[in-house]
Amino acid sequence: MVRTHSPLLALLLFTVTFGLLTARSYFSAQPDTPSCVMSYSRPRFIEQMHFDSNWTRFATKYRLYLYREGGYDAFDEGYRIPVLFVPGNAGSPKQVRSIASATTSAFVELMGTDPEAVTGGRIGYDFFTVGLNEEFTALHGYSILEQADFINDAIRYILSL
């Protein structure tokens with residue numbers, strides 16, 4: 001009779017020991033200290049109105065925006081190194097906020113520590129993003145072709161600025 005309960009007793013002992021070790025690890029041995037800093041952005045999306053049907057046949061379907069961080073970027077026109085953010089399947093142009101906001105903040109911090117950065121050739125980035133109507137391109141190949149055509153036209157326009 002002792003032999004039939006022996007595996008059950010071993011399993012119970014293992015489960016209790018594992019549970020106690022897991023609880024100890026969770027409550028007292030966390031290696032990460034809460035040191036996250038909240039990031040804030042004040043996004044402004046400036047639609048490029050001159051990017052019209054003279055530039056692309058998809059001007060009525062899709063949109064091109066210039067991202068500006070409120071409080072940092074004073075000019076509503078692109079004048080720095082251009083970066084084009086293209087959202088993925090069913091993506092939104094607003095997805096550019098996190099990378100553009102962090103990059104702008106880092107550049108402003110650099111300018112605070114090195115006022116000669118601009119004369120040294122470090123001029124920052126202009127983030128452009130495209131509004132592709134959050135289309136499900138993974139499910140429709142023709143939409144990918146239309147978007148690729150629009151993006152090629154957008155690159156041509158951005159480089160002309």
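Computing Cα Rg over 2.2 N^0.38 Å directly from the structure and comparing it against [x] 1.04; [y] 1.74; [z] 1.16 singles out [y].
Given a cut-off of under 8 Å on Cα pairs at least six residues apart, what relative contact order in percent is computed for the chain? Relative contact order of the chain: 26 percent. The C-alpha atoms of the chain define a longest principal axis, and helix 141-160 lies at about 50 degrees to it. Put a dot 7 Å past the Cα of L21, heading toward its Cβ, do the same for L145, and the two dots end up 5.9 nm apart.
Rule-based calculations on the coordinates, nothing more; no lab input. All figures in this text were calculated on a predicted structure; none of them were measured in a lab. In this analysis, Cβ positions are derived from the backbone assuming ideal geometry, glycine residues included, and neighbour counts consider all displayed protein chains.
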